[in-house]
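The values are calculated or read from the model by the stated rules, or taken from the named source; none is laboratory data. None of these values were measured; they are calculated from a predicted model. Note: ideal-geometry Cβ built from the backbone for every residue, glycine included; neighbour counts use all protein chains shown. Ligands, DNA and RNA are stripped out before the accessible areas are found, and what is left, the full protein with its side chains, is counted by its heavy atoms. Shrake-Rupley method; radii C 1.70, N 1.55, O 1.52, S 1.80 Å.
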Amino acid sequence: MMRPYRPKDNVQKKSYYTDRFWVAPKIPKIDVKEDEVFASDTKKIKEKFDIKDAYIQRGQLVVEIDPKINKDLLFFLRDELEYDMLMELSAIDYLAQSGEFEIFYQLLSMSKRKRVRVKCRIKENEAIESVNSVFRSADWSEREMYDMFGIVVNNHPYLKRLLMPDDWVGYPLRKTYPLQGDEAAQWYEIDKIFGKEYREVVGPEMRDPAYINENDTNNFARYKHEVPKGAPADSEPIEIDSFNEDAPLVETFDLKKSKFVNRDR
Amino acid sequence: MQQRNRLEPFFENLSFDREDNRMVINFGPQHPSAHGQLRLILELDGEKIVKAVPDIGYLHRGMEKMAENMIYNEFLPTTDRMDYIAATSNNYAFAFAVEKLLGIENEVPRRAKVIRTILLELNRIISHLFWLATHALDVGAMSVFLYCFREREYALDLIEDYCGARLTHSSVRIGGVPLDLPEGWLEKLSVYLNNLPRQIELYEGLLDENRIWRMRLENVGVIPPEMAKSWGCSGIMLRGSGIEWDIRKEEPYELYDELDFDIPVSTTCDSYGRYKLYMEEMRQSIRIIRQLIPMYKDTKPQLMARVPQYISAPKEDIMTQNYSLMQHFVLVTQGMRPPVGEVYVPTESPKGELGFFIRSEGEPYPYRLKVRAPSFWHTSILQDLLPGHYLADVVTIIGSTNIVFGEIDR
Amino acid sequence: MAQHQVNYAASGGLPVALTTVDKIVNWGRTNSLWALTYGLACCAIEMMATGASRYDFDRFGVIFRASPRQADVMIVAGTLTKKHAEFIRRLYDQMAEPKWVISMGSCANTGGMFNTYATVQGVDRVIPVDLYLPGCAPRPETLQYAVMLLQKKLRKKTIFNRQKPKRLV
């Protein structure tokens, strides 16, 4: 039996079977002329900027641009075209396909009730300009993007990891990062609290939540009767119910019935 | 003897005597009134806050990564744990986003839409009651906490009758709802709705003119409209700043375009105005559910969309018809394969705009799933909002932003 | 002024009650188990519901304290992430002996459904746990039952043997 080949550049779960003749359908890209507002907006954008593509997908305008003009275009969209809120900002990892990240900015215009998505692609080692001066809300989103993908953002006021700890190794949302973490991630809390020398004492993580083991009296995996922690598996069970709940807590001392005990014998 | 470990005493960011006479204090990450695991590093001048640096990520559980390794139906229960106070609104937002991706949002049968809208509004009531309870507890009104939890428990009983769970409902599926309403459920619901307005009056009677409540909330946490727009606020944080924007009205989904309800807006921009909005929204939710109850009766009993390519047939068909059984088998073992493309779908959750961005490559697993959680953006505003306030106001400002850490850190 | 004259020996009962030291200490200990509010995620909402009006937790003597110095039992309610693991250990170390830990919910027991890079796979990797409480999220009744079980467990202990601190490793 041959070991199946797993590509290293994308370690996420994949479908185990795909029909050879199956071709995935595509969400249609509608021409911008179908919608009046988007048509006029696209025309205004095209007058000032050099954009790669513009189309409507599922009711929202998508504009593909060169990453160098992202800040200028967002300024233009905010001030001239009334797209005055940044609702979402993040990246998609296409390193395996083309060595690029796709960054998208999701904008909302409350006066026109329209949404626009601006997309651009950067290479792995390139940096992108911060849009923090256009929308203050980009502050944390860009930090999150840096944290999760390792995309460096130029001119950001405080580019630091946001969700993961500062001493974390690797960028979790890249396709090369496994779901259950690399070695540094798996031992992170043990290294930090007890030190590396305790790795062997505590043992590796149990990644199967349904794991049972009758000999494990230290952790959650035991399923038989309860024994003291760390005791051998076949030792006497703890009888929690042996305490007599009905017995009185205090016993009254009745002097009449009591007898003196001769202590001197 | 203590267990030996490497952790040193934690005083490095606490310095009392500095040359500029400022103190840095550490708030959290385990603080009873931080509504979760928020860590704030505050720089104080006397009792005034000069600089605030929120630190999040203490509940980051890697949900977006999980989504990339799960088929669409498998991921649905995970969305419960994002905004765990109103779980159905997350389920719904995800299911709706996938329906948009598949292009089947018009196939959802009407009865499913009615049930979904009732559940969404019931969740809004539960969430707002919970907000009022915890916020009042932070400010010091213990009895409001107990009263609100009483009403919340009755609403949770209704939810439990419907789907069997109190907190993590998973009561919405992609393409419909799994169950019909149990017998007599709507009657119980109307009894609950008849009782609730009196209780809301009770809370308002306790709080509205309460001197402590007003002094701690009025002119505290003022967010001007420009600031709210620039920071991407949504929901009540936006309406509390005088901007009338509710996705239920502006970009209606489900049955909201047939329903008659108002969008309350406050122009005071402070915490007290937001508190009034929460109370008013609960009343509007009651009004919406009252309109939905008669709608239920004239719907057909179909609950799931009939799209055999993506969604399993009803159980009866699976048990009797071979083709339905085959479809069901493929959909369960391999998962549905949506078309290539991407969608961003916003919905109005109790906290604000909850959006799902899904990029599909035609595989059963989403290529990228990004959650636009409203609380994330409402937490980031704290770094601009807190400076200038007193230390005691931190708790009320965090309370009035109504943040939940499950969806901030995801 | 009337003299207070009661002949205790004659009237058949002394105002003296005798008991064992074990019983009286355990009685006090088990009926005032003050819990540290360690709400981490979804289970924290159920923990709050347990403390609120319907499932009145004060009946069991469980009062939530915000400070680890005043708490006897730590109810770890929710997912423990790797970033937070350091702090739970810190707070556990700050609690005064004797102390107990209830791990509430699947996430705290084994990592639960969050089998990812960011989640500690079971809080017992970091602190010793006395009672595991399954469920996602456990109902308030379950938490009450867990506290009652913990009380039963404590009543069997004698106070004369010094409690050995629980060792994790």
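Data for the structure
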quantity	calculated
Relative contact order (%) - chain B, alpha-carbon pairs under 8 angstrom, separation at least six	25 percent
Of all accessible heavy-atom area on the stretch A:32-154, the percent that carbon and sulfur account for (1.4 Å)	42 percent
Fraction in percent of alpha-carbon pairs per bin - 10 Å, chain B	4, 21, 30, 24, 13, 6, 2, 0, 0
Kirkwood Rh, angstrom, the stretch C:93-139 [1 / mean 1/r, Cα pairs]	11.3 Å
Peptide-level mean, for B:132-145, of C-beta atoms on other protein chains within 10 Å	1
Burial order of peptide ranges C:76-83, C:22-29 (average beta-carbon count within 10 Å, highest first)	C:76-83, C:22-29
Partner chain coverage, peptide A:77-90 - average Cβ within 10 angstrom	4
Members of the stretch B:244-278 that become less accessible by 50 Å² or more once partner protein chains are added (1.4 angstrom probe, chain alone as reference)	B:Trp245, B:Glu250
Radius of gyration and Dmax over the Cα atoms of the stretch A:48-118, both given in Å	12.5, 40
Å² per residue, accessible surface of chain B at 1.4 Å	34 Å²
Nearest-10 value in Å² for the accessible area of B:His328, using the 1.4 Å probe	50 Å²
Relative packing of peptides A:144-151, B:401-408 - highest average C-beta neighbours within 10 Å first	B:401-408, A:144-151
Inter-chain shielding of A:108-121 (mean C-beta neighbours from other protein chains, 10 Å cut-off)	2
Whole-Å distance, taken between Cα centres, linking the stretch B:237-263 and the stretch B:94-144	14 Å
Rg over Rh, two decimals, the stretch B:297-388 (C-alpha only, Kirkwood Rh)	1.19
Solvent-accessible area of C:Cys42 with every protein chain in place, 1.4 Å probe, in Å² to the nearest 10	10 Å²
Rg to Rh quotient for the stretch A:32-154, alpha carbon positions, Kirkwood Rh	0.95
Per residue accessible area of the stretch A:32-154, 1.4 Å probe, in Å²	37 Å²
About the Cα centre, charge dipole magnitude for chain A (Lys/Arg +1, Asp/Glu -1 at Cβ), debye	680 debye
Shielded residues, the stretch B:205-234 - accessible-area loss of 50 Å² or more between chain alone and all protein chains, probe 1.4 Å	B:Lys229, B:Ser230, B:Trp231
Listed residue pairs exceeding 18 Å between alpha carbons, taken from A:Lys43/A:Lys114; A:Lys123/B:Lys370; B:Lys100/B:Lys229; B:Lys51/C:Lys82; A:Lys48/A:Lys68; C:Lys99/C:Lys156	A:Lys123/B:Lys370; B:Lys100/B:Lys229; B:Lys51/C:Lys82
Three semi-axes of the equivalent ellipsoid, the stretch B:245-346, Cα gyration tensor, whole Å, largest first	41, 20, 11
The stretch A:101-239 - Rg (one decimal) and Dmax (whole number), Cα, Å	23.5, 74
In Å, descending, principal axis extents of the Cα set of the stretch B:99-240	50, 39, 22
A:Trp22 accessible area, 1.4 Å probe, all protein chains in place, Å² to nearest 10	90 Å²
For chain A, radius of gyration divided by Kirkwood radius, i.e. Rg to Rh on alpha-carbons	1.28
Tail beyond 21 Å, pair distance distribution of the stretch B:128-208 (Cα, percent)	40 percent
Net +/- balance of residues flanking B:Leu146 in space, Cβ distance below 15 Å, scoring K and R +1, D and E -1	-1
Alpha carbon convex hull of the protein assembly as shown, projected area averaged over orientations, nm²	48.8 nm²
